[in-house]
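Participant: Below is one structure. I have some questions about it.
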Amino acid sequence: MIKNTMNLSAQTSKQNIFDLTLEELGINLEQAGFQKFRAKQIYHWLYTHYETNFDAMDNLPKDLKIYLNEYFTSQNISINKKEQSQDGSIKYLFATQDNLTYEAVFLKMKEDKFTLCLSSQIGCKVGCSFCLTAKGGFVRNLTAGEIVYQVVAIKKDQNLPNNKAINIVYMGMGEPLDNLANVTQCIHILSELDGLNISVRRQTISTSGIAPKIKKLGMLNLGVQLAISLHAVSDELRTQLMPINKAYNIQAIIDEIAAFPIDSRKRIMFEYLMIDGINDSLENAKKLVALLNKIKAKVNLIYFNPHKGSPYQRPQREKVEAFREFLLKKGLFCTIRESKGLDISAACGQLREREINQKGEI
């Protein structure tokens, strides 16, 4: 037991190499007496070949491999479990070095297109009444490397080549803007041309609407897409669904959105979770049109994904389609996100919650 504890201590004191941008890794190597171009070789191994064993990087000199093994780790996160849906969606449960778990989802879209839904935190502070992640409370932020590794591990598991285009959505466990520094670092790493080369235009941050941090994200001008989890058109209902609305109400969010820099070809996405008998009436649709009247917006209607213990129900398809048709007739761009993974624990937090109930945190 003592030996294992000492090994764990040594491993956790090392720097996770997935935390570093290419530039940061190059500077680190230079300071250690190595040539800076070696950073690009290491990046190719990590992000093109998905190789996490430093000793297997056969174009690196022996002394560099020794240095990497002594000061860095690339294997402190693992896939603990995965579940595959009949529609091809796969929910992954990752395990961290400190014995915690978090989720990501691999989504197969139309025409051989793929989207990865990434977590940014273990647990969540926001406490939305419809989200199972909130039940377990907030544990901690994920590091940039723990976010990045979701992409590396899933692409490797799915045998997706490095140059296969994928979309990234920060819509998993947690509030991305509550972990903005690490999410920003992750965006830089994922978009590195000599790494995974995932364009910032293919990366979307979803937020519950922390108005000051929407402003801060806009000032960073990362070029990413923005999605707002709206889910209601009145402050009264939104506060019931999302307590954060007490601090940042709908108008505060709209004010920040109006000033947010976006690509002229893009729209701000507003996510609207359709809950039976709660927010799915045509009266709600009318108010939504009025609310977004002056914004270049796209509404994404989402079926509520039911889970045990929730008081909410999934609406009938006819009501969702009628809601969409009303928005379209009024000139508001609108789509319906088809549900994925209904036969597995695909909704945010479900797989982690079930595993904790069965085994406790691993």
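The values are calculated or read from the model by the stated rules, or taken from the named source; none is laboratory data. Computed from a predicted structure; not experimentally measured. In this analysis, Cβ positions are derived from the backbone assuming ideal geometry, glycine residues included, and neighbour counts consider all displayed protein chains. Note: accessible area is taken over every heavy atom of the protein model, side chains too, but ligands, DNA and RNA are not part of it. Shrake-Rupley method; radii C 1.70, N 1.55, O 1.52, S 1.80 Å.
Participant: Which residue, of 241, 230, 226, 237, is open to solvent by 10 Å² or more (accessible area, probe 1.4 Å) and in contact (Cβ under 8 Å) with a residue 12 or more places away in the chain?
Facilitator: Every option except 237 fails the conditions.
Participant: Could you please find all residues in segment 298-335 being in contact with a helix residue (DSSP H, G or I) (Cβ under 7 Å, 6 or more places away or on another chain) and either open to solvent by 60 Å² or more (accessible area, probe 1.4 Å) or modelled with pLDDT under 95 (or both)?
Facilitator: 303, 307, 330
Participant: Another one. From the list 275, 257, 253, pick out the single residue that is open to solvent by less than 20 Å² (accessible area, probe 1.4 Å) and under 29 Å from residue 318 (Cα atoms).
Facilitator: 275
Participant: Would you check which residues across segment 102-118 are out of contact with any Ser or Thr (no Cβ under 6 Å at 6 or more places or on another chain), open to solvent by 30 Å² or more (accessible area, probe 1.4 Å) and either outside any loop (DSSP other than H, G, I, E, B) or modelled with pLDDT of 95 or more (or both) and list them?
Facilitator: Result: 108, single match.
Participant: Restricting the search to segment 287-321, which residues are over 19 Å from residue 230 (Cα atoms) and not in a loop (DSSP other than H, G, I, E, B)?
Facilitator: Listed by number, the residues that qualify are 317, 318.
Participant: Considering (1) more than 14 Å from the chain's Cα centre (by Cα); (2) under 19 Å from residue 204 (Cβ atoms); (3) in a helix (DSSP H, G or I), say which one residue 126 fails and leave the rest.
Facilitator: Going through (1) more than 14 Å from the chain's Cα centre (by Cα); (2) under 19 Å from residue 204 (Cβ atoms); (3) in a helix (DSSP H, G or I) one by one, residue 126 breaks only (3).
Participant: What is the number of the single condition among (1) open to solvent by less than 40 Å² (accessible area, probe 1.4 Å); (2) at pLDDT 95 or above; (3) closer than 25 Å to residue 268 by Cβ that residue 130 does not meet?
Facilitator: (2)
Participant: Something else: Picking from 133, 96, 101, which residue would you name as being farther than 20 Å from residue 304 by Cα and under 16 Å from the mean Cα position of the chain (by Cα)?
Facilitator: So the residue among 133, 96, 101 that is farther than 20 Å from residue 304 by Cα and under 16 Å from the mean Cα position of the chain (by Cα) is 101.
Participant: Right, next: With respect to residue 194, is the statement that it is over 20 Å from the mean Cα position of the chain (by Cα) and not in a helix (DSSP H, G or I) true?
Facilitator: Taking the combined requirement at face value, the residue satisfies it.
Participant: Here is a follow-up. Looking only at segment 172-220, count how many residues are open to solvent by 10 Å² or more (accessible area, probe 1.4 Å), among the charged types (D, E, K, R) and under 23 Å from residue 259 (Cα atoms).
Facilitator: 6
Participant: Same structure, new question: Here are the criteria: (1) open to solvent by 50 Å² or more (accessible area, probe 1.4 Å); (2) among the aromatic types (Phe, Trp, Tyr); (3) touching a Phe, Trp or Tyr at 6+ places or on another chain (Cβ under 9 Å). Tell me which single one residue 138 does not satisfy.
Facilitator: Of everything listed in (1) open to solvent by 50 Å² or more (accessible area, probe 1.4 Å); (2) among the aromatic types (Phe, Trp, Tyr); (3) touching a Phe, Trp or Tyr at 6+ places or on another chain (Cβ under 9 Å), residue 138 misses just condition (3).
Participant: Filter segment 68-87 down to the residues that are outside any strand (DSSP E or B) and among the charged types (D, E, K, R) and list them by number.
Facilitator: 70, 87
Participant: Next up: Can you tell me how many residues in segment 245-277 are under 21 Å from residue 324 (Cα atoms) and part of a loop (DSSP other than H, G, I, E, B)?
Facilitator: 5
Participant: Please identify the pairs in which a residue from segment 162-177 that is over 21 Å from residue 270 (Cβ atoms) has its Cβ atom under 8 Å from the Cβ atom of a residue that is assigned to a strand (DSSP E or B) and open to solvent by 10 Å² or more (accessible area, probe 1.4 Å), counting only partners at least 6 apart or on another chain.
Facilitator: That search, which allows pairs on different chains as well, returns 164/114; 166/114; 166/115.
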